[in-house]
Structures are given as C-alpha cells and as structure tokens.
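**Student:** One structure follows; several queries about it will come next.
The values are calculated or read from the model by the stated rules, or taken from the named source; none is laboratory data. Nothing here was measured: the structure is a model prediction, and the numbers come from that model. What goes into the accessible areas is simple: the full protein's heavy atoms, side chains included, and nothing from ligands, DNA or RNA. Shrake-Rupley method; radii C 1.70, N 1.55, O 1.52, S 1.80 Å.
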Amino acid sequence: MNAPAESPDSPVTVVRIHYVKEGCEQQFEAELKSLEEPFSNVPGNLGFLVFRPGKARDGVYRIVYKFASQQPLDAWHNSPAFRAWQEKERTLTIAPPGTRTLSGLETWFTLPGQNVLRPPTKFRQAVVTWCAALPVSILISLITGPFLDGEPFLVQKVVFVTLLVVLLTWVVMPVVARVARGYLYERVGIIEEENGM
C-alpha cells in the first residue's frame with residue numbers, strides 16, 4: 001500500500017518486500033551492494049536497512065529506506081540506478097515486490113514487514129519520545145529564553161512548540177529511533193544489516 005507524504009517536507013519511508021528465487025540470493029545481494037554509491041549520492045537520504053531471510057531461508061528480503069522529504073525520494077525512484085535495479089530484480093525474484101510508503105510521525109517508529117518486527121509497545125514509544133523531547137525542550141528554552149522573555153505567552157509557546165516539532169521530526173527522532181531500535185523492537189529470527197548509504 002502506498003500513501004503520499006503528509007506534506008512535501010515530511011520524512012518518507014519506503015518498505016519493499018522482495019521474494020528472491022532460490023539460488024539467486026548471492027546475486028541479489030551483489031545487486032544490493034551495487035546500490036550503495038548511487039543511493040549515498042542522493043541528497044536527503046536518511047539511511048537504508050536490509051532485513052535478510054531468517055532461519056526459514058524463505059528468500060524474503062525486506063528493504064527499508066528513508067528520505068527527508070518526498071522530493072529526494074522521487075529523485076531516487078527516477079534515477080537511472082534505481083530503474084536499472086528494478087529491471088534486474090525482475091529476473092531475480094518470483095513476484096513483484098510488495099511496497100509500502102509511510103510518512104509523517106508514523107515513520108518515527110514503524111518498520112512494517114511480515115513477521116519481521118513486532119511493533120513497539122506504546123510504553124516504549126513513550127519512553128523513547130520522552131528521552132528525546134526532554135533534552136531538546138531544555139535546549140530550546142535555554143536558547144530562546146533570553147529573546148522571548150518579554151514576549152506574550154502565546155508567542156513564546158508558538159515559537160517553542162514549532163522548534164520542538166521541527167527538531168524532533170527532522171533531526172532528533174530519526175536518529176533516536178535508529179539508536180534505540182534494539183529497545184523498541186523485538187527481533188524475530190532476522191539478520192539485520194545497516195548500510196550507511
């Protein structure tokens with residue numbers, strides 16, 4: 001299921017599930033490796049994760065990549081490297097990939113897949129969000145306090161909340177969610193590799 005981003009400036013996460021033909025796993029891995037450089041050259045990319053087949057060795061690869069907004073995602077999907085990859089993957093898989101696009105706040109925590117990860121509990125989401133929001137809130141207060149002391153209460157709150165939401169959405173939470181993924185998600189027989197692409 002695909003859904004457009006909530007706004008052109010919202011972070012966007014794409015999840016693709018590939019069903020690789022038996023015996024084609026090594027070639028599929030090699031093709032994934034070849035995407036590292038072109039992916040890293042796209043401005044606005046926020047990372048790339050590969051969830052390999054578990055103990056069942058069912059040939060199912062789940063690929064998750066994220067961009068800062070819809071525009072760089074479109075640039076990646078329209079790039080020669082991605083189009084060449086699409087052509088190649090057709091020869092290595094038994095069916096078209098299942099694709100899902102996520103945007104907005106749900107990209108903070110959601111990495112969907114068929115039995116790849118159990119969704120984090122609301123409690124764990126709350127703990128991670130609190131740990132991220134507290135230092136950011138303190139930092140914003142320290143920086144803006146001297147400039148906003150004489151301003152009306154509403155102006156102070158509008159500036160504070162705007163800065164908090166912007167910093168959490170585009171700067172802090174993408175990093176925190178990746179760092180804390182071991183706490184957020186229960187692993188279910190997967191091998192995970194993160195590529196700094």
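**Student:** Is it the case that residue 100 is more than 26 Å from residue 171 (Cα to Cα), open to solvent by 40 Å² or more (accessible area, probe 1.4 Å) and either modelled with pLDDT of 85 or more or not β-branched (Val, Ile, Thr) (or both)?
**Tutor:** Spelling it out, it is not the case that residue 100 is more than 26 Å from residue 171 (Cα to Cα), open to solvent by 40 Å² or more (accessible area, probe 1.4 Å) and either modelled with pLDDT of 85 or more or not β-branched (Val, Ile, Thr) (or both).
**Student:** Within segment 136-162, how many residues are open to solvent by 70 Å² or more (accessible area, probe 1.4 Å) and either modelled with pLDDT of 95 or more or assigned to a helix (DSSP H, G or I) (or both)?
**Tutor:** The total comes to 12.
Conditions (1) among the aromatic types (Phe, Trp, Tyr); (2) open to solvent by less than 40 Å² (accessible area, probe 1.4 Å), marked per residue:
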{"position": "31", "(1), (2)": "no, no"}
{"position": "37", "(1), (2)": "no, no"}
{"position": "46", "(1), (2)": "no, no"}
{"position": "61", "(1), (2)": "yes, yes"}
{"position": "64", "(1), (2)": "no, yes"}
{"position": "70", "(1), (2)": "no, no"}
